[in-house]
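The values are calculated or read from the model by the stated rules, or taken from the named source; none is laboratory data. Predicted, not measured: the structure shown is a model, and the values here were computed from it. Note: ideal-geometry Cβ built from the backbone for every residue, glycine included; neighbour counts use all protein chains shown.
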Amino acid sequence: MKLVELIEGAVELRWSWLPYWLGANQRLRAELEVELRDVALINGLTTSAEDLSALSRVACRRIQVRFPGLVGLEQALLALSSITETSNTF
């Protein structure tokens, strides 16, 4: 599961997969989406699996930087990447 998607050229975070206290933080969401959009534009990222994985890692690092007192938060968020979807998940 990647925390970041590119939908119609726009970077979108999968906020519903984050802990509630992160996903409900409107200011955090807005700031991160701008930062991730800029990273995607500067680096010419595409919808490839590798690029979305890289952008997801950036999102995890940026969240950890905002909450330095929560040691291990980045690793916990990165662990979400081990979740896989099957075609009939939902």
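Worth a mention:
- Within the stretch 15-49, considering residues that are part of a loop (DSSP other than H, G, I, E, B) and at pLDDT below 90, the one surrounded by the most Cβ atoms within 10 Å (Cβ to Cβ): 45
- Selection status of residue 52, under 17 Å from residue 11 (Cα atoms), in contact (Cβ under 8 Å) with a residue 40 or more places away in the chain, within 14 Å of the chain's Cα centre (by Cα) and assigned to a helix (DSSP H, G or I): yes
- Residue in the stretch 1-14 that is buried (at least 18 other Cβ atoms within 10 Å of the Cβ), touching a helix residue (DSSP H, G or I) at 6+ places or on another chain (Cβ under 7 Å), free of Cβ contacts under 8 Å to residues at least 40 places away in the same chain and not basic (Lys, Arg) present: no
- Residue 5 meets the stated requirement of being under 9 Å from the mean Cα position of the chain (by Cα) and outside any helix (DSSP H, G or I).
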